[in-house]
Amino acid sequence: MLRYPSLRAPLDLLFFVCCIALTAYVLVPEIWGHGKSKDYPLWFWAGQQVLQGKNLYPDDSASYFEFIYPPLPAVLLAVPAFFGKIPLYLCLSLLNAIAWWMTAQFSHAMAGSGRKPGVWLEALPGFVTVTFVFDMFDLGQPNLMLLAMLLYGFWLLRRERPWLAGSMFALATAIKVFPIAVLPYLVWRRRWRAVASMMVFLGVFLFVLPAPFRGFQHNVSELKTWYQGMVGTSSEKGFGQRDEQNWSWVNQSIIAMTHRLTRPVNYNQDNPRKPPRYMNIADLDFRTANLIVIAVSLLIGLGYVAVMPPASRRTEKSDAEEIGILFCLMTVASPLARQYYFMWLFFPMTVLMHRAVYDARPAVRAGTWILLAVAGCLMMLSLPLFPLDLQAYGNNLAATAVLTAGLVWHILDPAAQKAAGALPARAGALQPTAEPDS
């Protein structure tokens, strides 16, 4: 099902036009304006730090970090940064364009409908998530690239190439930590070679690959500083070096929403000029709120395990829905889930769109479209037309919950499972067996 873009296809031409326009939005301010803002100058700074042999983080892990990612991304950024800002920005834009195309290709190929999408269905997921794609180009954030890496990893698993799949999962995790959530899934599904590959390559990407450029001891020291500053700190003020964002309206993670609802935290704290605003329905202490986060996370995890079909009943359809739920949970389980993180809903929405188009039952098709419409309306509340308070109350989190509910509905639908039938163990499908991956 995977294909290259073609200049003869109107939809592909539209894709090219969009990518050119988005790339111009990045480069024009740098070439003819006052310089591109957002995260782009930070990426250039990080690349230059590597090129000049300077530190990425302060000596004191309690001090403010300019660069909050592990050392590997800075090493990767150093290559295009060697040639200057414009080559770096162009490289990042091209990577985003490639990731956008491949995300759509992998999503449709793994949707589990067994059908090649028509033109309108092929375009629909990209159309409804175009604001998230704009954020990727505008901010220079890597979340779209990480999504493509994860989808590629699962596509490789379908083709029984677990070692290469694990390397993709590891690379995404070494760039931005939250994809580590794929590891428990691999363990539960007993994909042992993929688990081993992910662990081995994670060590390679974190310790071995940066060493020739940073020095082994220097790299280990920086990893330790990064871990202490980003992962090893948490308090009532916040976590991970960005206290002003953790509990504010910009964060729609399960952690942030739980704390905003259970503690009197100001969700306008990212802007001191705004008056304090609160939305808590309880007045609990920090420790109790964290216990609630753990309890909610455990319930969600147990619920996910409960709906996952046993090996004897797995199909390509159920695998697509199962992975779609995983992507939903990975998005909101990240401690910081800003607006652009919800780009990861691309795959779950694609799966449900295939169900809405190709399911044999009219009532199921109609119900799925209604569910998608509800999720879409909730996500639209993030547009500047609406007050920021709606994001504080978790409009994207609610949309994710709706999509998850739809995927659960389909994965538990006995009529659909009976029609689909269980897949034999063969290349091209995720291994439908609970036996160890040996």
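Computed from the coordinates by the stated procedures, all read-outs in this text should not be read as laboratory data. Keep in mind the model is a prediction, meaning the values are calculated, not measured. For neighbour counting, all protein chains shown are included, and Cβ atoms are generated from backbone atoms with ideal geometry for every residue, glycine included.
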| query | When you count, for each residue, the other Cβ atoms within 10 Å and take the mean per peptide, how do 37-47, 102-112, 303-313 rank with the highest first? | reply | 102-112, 37-47, 303-313
| message | With a 10 Å cut-off between alpha carbons and a GNM built on the chain, which of Gly53, Gly229, Gly394 moves the most? | response | Gly53
| request: Evaluate 2.2 N^0.38 Å with N set to the residue count of segment 60-147, then give the Cα radius of gyration divided by it. | output: 1.39
| Across segment 302-348, how large is the tail of the calculated P(r) beyond 13 Å, expressed as a percent of all Cα pairs? | 59
| Taking the Cα centre of each part, how many Å lie between segment 24-47 and segment 366-407? | 32
| query | Over segment 18-101, with a single point scatterer placed on each C-alpha, what log10 of the ratio I(q)/I(0) does the Debye formula yield at q = 0.12, 0.13, 0.20, 0.22 1/Å? | reply | -0.39, -0.45, -0.93, -1.05
| query | How large is the helix-only mean residue ellipticity at 222 nm for the chain, computed as the sum of -39500 (n - 2.57) over DSSP H runs with n ≥ 4, divided by its residue count, in deg cm²/dmol to the nearest 500? | reply | -19500 deg cm²/dmol
| task | Sort the following peptides by mean Cβ neighbour count (other Cβ atoms within 10 Å, averaged over residues), highest first: 252-263, 65-76. | result | 252-263, 65-76
| Based on Cβ point charges of +1 for Lys and Arg and -1 for Asp and Glu, what charge dipole magnitude is obtained for segment 18-134 about its Cα centre, in debye rounded to the nearest 20? | 380
| note | So for R0 = 56 Å, FRET eff. of Phe213-Ile292 from the Cβ-Cβ r, to 0.05, ends up at 0.85
| note | Options (1) 33, 26, 24; (2) 35, 24, 21; (3) 35, 33, 21 are given for semi-axes √(5λ) of the Cα gyration tensor in Å, and the computed one is (1)
| query | Lys/Arg Cβ at +1, Asp/Glu Cβ at -1, dipole of the chain taken about the Cα centre: which of Phe65, Leu261, Leu381 is farthest positive-ward? | reply | Leu381
| query | Based on the mean of other beta carbon atoms within 10 Å per residue, what is the order of 178-187, 117-126, 336-345, 380-389, most packed first? | reply | 336-345, 178-187, 117-126, 380-389
